[in-house]
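Asker: Before we start, here is the structure in question, set down as structure tokens.
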Amino acid sequence: MDDWNELRLVLAIQRAGSLTAAAKALGVDHSTAFRRLNAIEANLGARLFERLPGGTYQATSAGQRMAAAAERMEDETLALDRDITGRDHRLSGRLRITSSETLAYCVLTRHLATFRQAHPGIVVELVIDNRVLSLSRREADIALRPVRPKEGDLWGRKLADVAWTLYGAFAYLEANGGSVASPSDLGRHSLIGWEEATAGIQAADWIGRAATRDAFVYRTNSLVNQLCAARAGIGLALLPCYLGDSDPDLARALREPVPELAGELWIVTHADLKGTARVRAFFDIVGEGLAREHDLFEGCRAERTGRSQKKNAAS
């Protein structure tokens with residue numbers, strides 16, 4: 001085989017398990033990927049994938065060997081790319097950041113504005129994705145993550161602890177008996193939660209255990225939409241304090257953060273990129289800026305007094 005794109009196609013199919021997903025990942029249409037795979041198998045005289053019902057592609061032993069070789073080549077290419085990029089001392093070019101939806105919604109963007117003012121030659125690409133993107137494969141240059149990184153080739157630091165508690169609109173709380181003394185009181189409230197099929201999200205699991213299924217009147221997989229639903233008075237939402245405390249239309253329904261939901265915020269890059277000027281500048285400006293807001297993340301910032309302010313304005 002003398003074309004790297006052939007190996008990339010085989011690797012993409014092996015990873016995705018389908019031709020359609022592989023074509024999408026490579027930015028080609030399905031028919032092109034189909035023709036290319038048939039041509040590769042014809043040239044090799046070997047079948048690389050078994051076509052299974054439902055559009056699933058399962059690698060044969062030959063396909064597995066080829067995908068493994070392609071992955072080794074990809075690793076070498078990415079390592080070379082990181083090595084060259086890691087020696088880049090220019091404060092210009094592209095910087096790809098990945099962050100959760102909630103962090104980008106209420107805190108991160110103003111720090112990105114400060115970064116852009118300091119370094120106008122750097123183009124920031126922000127990928128809003130709650131998945132953990134691969135820094136080794138350059139899916140992003142820097143990640144802001146809610147968990148401590150486990151990969152040994154990553155480098156970064158913890159910026160803050162992250163607290164969670166329950167929030168509701170002022171009018172909702174006033175109409176429903178005020179704040180919640182403890183999670184055991186949730187049964188008398190309308191709740192906003194995640195989709196029932198959601199699994200593995202600690203906050204979703206906690207509120208699912210704390211209340212009966214009938215208590216949930218609204219479900220969505222978006223925390224920002226849960227915030228909007230709480231603001232509209234639909235019910236109580238379990239939110240990170242940096243999101244709930246930043247909204248002037250919400251008040252804490254449960255005064256103290258939930259201890260079991262304490263998390264962390266990390267800023268991480270690949271170890272090969274930590275010497276890049278763009279990466280260092282981002283850590284210095286955005287990382288330090290977020291760290292200075294640790295009281296907001298940790299739920300220690302004074303709760304807003306929006307209810308009394310509204311009463312004073314009305315009088």
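The values are calculated or read from the model by the stated rules, or taken from the named source; none is laboratory data. Note that the coordinates shown come from a computational prediction; the quantities given were computed from them, not determined experimentally. Positions of Cβ are generated from backbone atoms using ideal geometry, with glycine treated the same way; all protein chains shown enter the neighbour counts.
Asker: Does the stretch 32-40 contain at least one residue that is surrounded by fewer than 16 Cβ atoms within 10 Å (Cβ to Cβ), of a type outside the set (D, E, K, R) and closer than 21 Å to MET73 by Cα? Let's see the steps before the verdict.
Answerer: In the first step, residues of the stretch 32-40 are kept if they are surrounded by fewer than 16 Cβ atoms within 10 Å (Cβ to Cβ); the result is 32, 34-35, 38-39.
Filter again for of a type outside the set (D, E, K, R), leaving 32, 34, 38-39.
In the following step, the residues that additionally are closer than 21 Å to MET73 by Cα were identified as none.
Within the stretch 32-40, not a single residue is surrounded by fewer than 16 Cβ atoms within 10 Å (Cβ to Cβ), of a type outside the set (D, E, K, R) and closer than 21 Å to MET73 by Cα.
Asker: If GLU196 passes every condition in (1) surrounded by 17 or more Cβ atoms within 10 Å (Cβ to Cβ); (2) farther than 21 Å from LEU243 by Cα but one, which one does it miss?
Answerer: Here GLU196 clears every test but (1).
Asker: Quick check: is even one residue across the stretch 68-90 closer than 26 Å to ASN5 by Cα, outside the structural domain of PHE282 (by TED's automatic domain parsing) and touching a strand residue (DSSP E or B) at 6+ places or on another chain (Cβ under 8 Å)?
Answerer: yes
Asker: Of all residues in the stretch 203-227 being among the β-branched types (Val, Ile, Thr) and closer than 19 Å to GLY187 by Cβ, which is surrounded by the fewest Cβ atoms within 10 Å (Cβ to Cβ)?
Answerer: THR212
Asker: Moving on. Sort through LEU250, LEU243 and tell me the only one that's buried (at least 21 other Cβ atoms within 10 Å of the Cβ), touching a Ser or Thr at 6+ places or on another chain (Cβ under 6 Å), within 16 Å of VAL107 (Cβ to Cβ) and of a type in the set (A, V, I, L, M).
Answerer: LEU243 is the lone residue from the list that is buried (at least 21 other Cβ atoms within 10 Å of the Cβ), touching a Ser or Thr at 6+ places or on another chain (Cβ under 6 Å), within 16 Å of VAL107 (Cβ to Cβ) and of a type in the set (A, V, I, L, M).
Asker: I want to confirm something. Restricting to the stretch 198-227 and keeping residues that are under 16 Å from the mean Cα position of the chain (by Cα), in a loop (DSSP other than H, G, I, E, B) and small (Gly, Ala, Ser), which single residue is modelled with the lowest pLDDT?
Answerer: The residue in question is ALA199.
Asker: Moving on to the next point. For the list (1) surrounded by 15 or more Cβ atoms within 10 Å (Cβ to Cβ); (2) within 28 Å of ALA140 (Cα to Cα), I need the number of the one condition that HIS189 fails.
Answerer: Here HIS189 clears every test but (2).
Asker: Taking the condition within 19 Å of HIS189 (Cβ to Cβ), out of contact with any Ser or Thr (no Cβ under 8 Å at 6 or more places or on another chain), at pLDDT 95 or above and assigned to a strand (DSSP E or B), does ALA230 pass?
Answerer: Considered against the rule, which asks whether it is within 19 Å of HIS189 (Cβ to Cβ), out of contact with any Ser or Thr (no Cβ under 8 Å at 6 or more places or on another chain), at pLDDT 95 or above and assigned to a strand (DSSP E or B), ALA230 comes out as no.
Asker: Continuing with the same structure: Does GLY121 fit the bill of being surrounded by fewer than 18 Cβ atoms within 10 Å (Cβ to Cβ), assigned by TED's automatic domain parsing to the domain that holds LEU250 and out of contact with any Cys (no Cβ under 6 Å at 6 or more places or on another chain)?
Answerer: Against the criterion (surrounded by fewer than 18 Cβ atoms within 10 Å (Cβ to Cβ), assigned by TED's automatic domain parsing to the domain that holds LEU250 and out of contact with any Cys (no Cβ under 6 Å at 6 or more places or on another chain)), GLY121 does not qualify.
Asker: Tally time: how many residues in the stretch 263-283 are of a type outside the set (A, V, I, L, M), part of a helix (DSSP H, G or I) and at pLDDT below 95? Let's see the steps before the verdict.
Answerer: Initial filter on the stretch 263-283 (of a type outside the set (A, V, I, L, M)): 263-264, 266, 269-270, 272, 274-276, 278, 280, 282-283.
Next cut, part of a helix (DSSP H, G or I) only: 272, 278, 280, 282-283.
Of the ones still in play, those that are also at pLDDT below 95 are 272, 278, 280.
Final tally of qualifying residues: 3.
Asker: Shifting gears a bit: Select from the stretch 1-28 the residues that are within 28 Å of the chain's Cα centre (by Cα), assigned to a loop (DSSP other than H, G, I, E, B) and surrounded by 12 or more Cβ atoms within 10 Å (Cβ to Cβ) and list them in ascending order.
Answerer: GLY17, VAL28
Asker: Moving on. Return the residues of the stretch 113-164 that are under 24 Å from SER92 (Cβ atoms), of a type in the set (Val, Ile, Thr) and free of Cβ contacts under 8 Å to residues at least 24 places away in the same chain; say none if nothing qualifies.
Answerer: The answer is none; no residue qualifies.
Asker: For residues that are free of Cβ contacts under 8 Å to residues at least 24 places away in the same chain and within 15 Å of ARG65 (Cβ to Cβ), tally how many sit in the stretch 16-43.
Answerer: 1
Asker: Here is a further query. Limited to the stretch 143-164, what total is found for residues that are of a type in the set (Val, Ile, Thr) and either under 12 Å from the mean Cα position of the chain (by Cα) or surrounded by fewer than 18 Cβ atoms within 10 Å (Cβ to Cβ) (or both)?
Answerer: 1
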